[in-house]
Amino acid sequence: MTNTVTEINTSTGVADDSTPEATITFADFGLDPKIQKAVSEQGYITPTPIQAKSIPHVLAGSDLMGAAQTGTGKTAAFVLPIIQKILRHASSSASPARHPIRALVLTPTRELAVQVAENAANYSKHTDLRAAVVYGGVDMKEQVMILRGGIEILIATPGRLLDHIGSKVANLSQVEILVLDEADRMLDMGFLPDLQRIIDLIPAQRQTLLFSATFSPEIKRLAQSYLRTPVTVEVARQNAAADTVKQVVHMVSSADKQRAIVKILEARTRQGLSRQCIIFTNSRLGCARLSRALERDGIKAGAIHGDKSQGERTLTLDAFKSGAIEALVATDVAARGLDIPDMPCVINHELPFSAEDFIHRIGRTGRAGSTGDAIALVDASEKRLLDDIEKLMKRKLDVRPLPEGNPTASRSTSTQVSPGKMSDPFFYQPYEPSTPAPAVDGAAKPEVKKVGIVPAKPTLGALLGGFKKK
Ligand code: AMP
C-alpha cells in the first residue's frame, strides 16, 4: 500500500507518523487467536494503512474519526478490534439475555450494511459472538426473530433500526461501541435526525468511531457532538482519492460519450486489460438508456438503478460478478456499498452533481492496494462540476487531449470532438502516472441530497439469520 497515513491526536494537535506501516503485522495487534485465525483465513497478510493506524486506538478505547474510503480495508479496521473488545462477553448460552447488543454499526445503505455484516460474520466465525444485519424494505418478521434471539454485533440502517426500537425488539442500553460508517453519506441522505434519536438511546459511556470518505464541516459538527477527543486517522490526503487510482479526464461532447465508452473498452481489449467496468450516470433514465445503447453496440451491459426491482438488481450484479456482464451502468444510490473487489475501471459517463459523489464513485477502483483507472467523460456544460471536484480533491485532474485531431486540445478548447476524429489507439493508452498537479485552494461545499434507501440483495436475506459460519 502506498497510501500515506497521517494521524493527529486532536486533543494535542500533534501529528504522529512515527509507526511505519510496513513494520506492522496483524500479530502486533495482540488479537485473540480466534480472530487471528479468521484473519489468516481471509488471506490477509499485512494490515492496510487504515487498519495499521486505527486498530491500536480502537483497542485502547479511543474515539476515532477515520477518513477512509470504501476499498481501503476500513471495515476490518473497526470490526476486528470491536470483536476483540467484546469477546469477553461471548457466551455459548442459548439465553437471549446473555446476548445483548454490544456493538452497533450504522450504515447509510442496505448494501453496505450487508457487506459489513458479512465481514463481521467472517471475522467472528471462530467465536461465540453473534452478528446480524437489519435494513428496511424487507419483512420485519425474520429480523424480529433474530433480534429476539440475541446478538452482540448489530449492523443496521437507521430507519429500520428505529422501527425495531419502536416495537421494543431492539434495545441499545448495553451498547459499548457505536460505529457511524460512511457518515458523510448518512448526512447526505438526511439521516441526521434518525442518528440523533438512535445515539440518544446509547449509554454515554461508550466508544464512538466515525468513518467518512471526507471530513466536511457537517461531519466535523457531528463528531463534535458525539465523539470525545477523537484520534483522527487519515488514509491518503483528506478529500482525495486513493493514489492507486489513475485518474484521467476526456473532454467529450455529450453526443459522443457513448461512442467514447465503446472505444475505451475496445482499447482495453487490445491492451489485454479487463473490460469490466462500472459506468456511472446521474439519472435512472440515462442509466437505462445507456445500458441499452451499449448493448446495441455489442457490449455486454446491465443497468442498476432505483427503478429496478430487487430481484433484477441481484441478477444483474451476479451477472456482473460472474463476468457475463462487462459494463455495469449504475446510478450513485444503486451502486453505493457494492463490494466488487479489484474493479479495474470506473467510467463517469457524466460528472455527479456533488463532488463528494465523485470520490465515492472512483472509490470503486484501486481498492485495497490494487490499481485502477478512473475515467471521466466531461462535456463543456460540466466544467463547473469539474472545478468543484478539483477543489474538493485539492488537485487538478489530468485532462488528456485526443491523440489525433487536436493534440494541443485543452479543457477550454477541446470540448467538442467528433467521433470521426477519434482514431485508434484513441485516447485510451495505458495511462502514465498523472503529472503532479498544482494544488487548488478551498474546498467545495458538498450539496445536500435526499435520496431513498437502496434495497439489499435478497439472496443475502438468508444471512439475516445471524451470520454464523461455523
Ligand atoms: P473495505 O474498505 O472494508 O470495503 O475493504 C475492501 C476490500 O479489501 C475487501 O474486499 C476486503 O476483504 C479487503 N481487505 C481488507 N483488509 C485487507 C488486508 N489487510 N489485506 C488484503 N485485503 C484486505
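Some notes on this structure:
- Residues of region 28-52 falling in the label zone of R88, defined by backbone nitrogen less than 15 Å from a point 7 Å along Cα to beta-carbon, are 32.
- Measuring between their Cα centroids, region 261-327 and region 34-62 lie 35 Å from each other.
- Overall dimensions of region 105-248 as given by Cα atoms, namely Rg and Dmax in Å: 15.9, 51
- Amide hydrogen neighbours beyond the local backbone of V179, cut-off 5 Å, H modeled: L104, V105, L106, L209
- Electrostatic dipole magnitude of region 165-321 [Cβ: Lys, Arg +1; Asp, Glu -1; Cα centre; debye, to 20]: 580 debye
- Cα shape, region 6-234, gyration tensor, a/c 1.5 rule: oblate
- Our estimate of slack between T371 and K220, defined as 0.36 nm per intervening residue step minus the Cα-Cα distance, is 51.3 nm.
- Accessible area per residue for region 41-112 is 29 Å², calculated with a 1.4 Å probe on protein heavy atoms, without ligands, DNA or RNA.
- With 0.36 nm allotted per residue and the present C-alpha distance subtracted, the D387-A293 stretch has 30.9 nm of extension available.
- Among the trypsin sites (Lys or Arg not before Pro) found in region 135-183, those both in a DSSP coil and sparsely packed, with 16 or fewer other Cβ atoms within 10 Å of their Cβ, are K168.
- For Q174 and S40, the FRET efficiency from 1/(1 + (r/R0)^6), where r spans their Cβ atoms and R0 equals 41 Å, is about 0.85.
- Per-residue extension of 0.36 nm, minus the Cα-Cα distance of A255 and A380, leaves a gain of 43.8 nm for this segment.
The values are calculated or read from the model by the stated rules, or taken from the named source; none is laboratory data. Since we're looking at a predicted model, the values are computed, not measured. Every residue, glycine as well, gets a Cβ built from its backbone with ideal geometry; the counts of neighbours run over all protein chains shown. Each accessible area value is taken on the protein alone, full model and side chains, heavy atoms only, with ligands, DNA and RNA left out. Shrake-Rupley method; radii C 1.70, N 1.55, O 1.52, S 1.80 Å.
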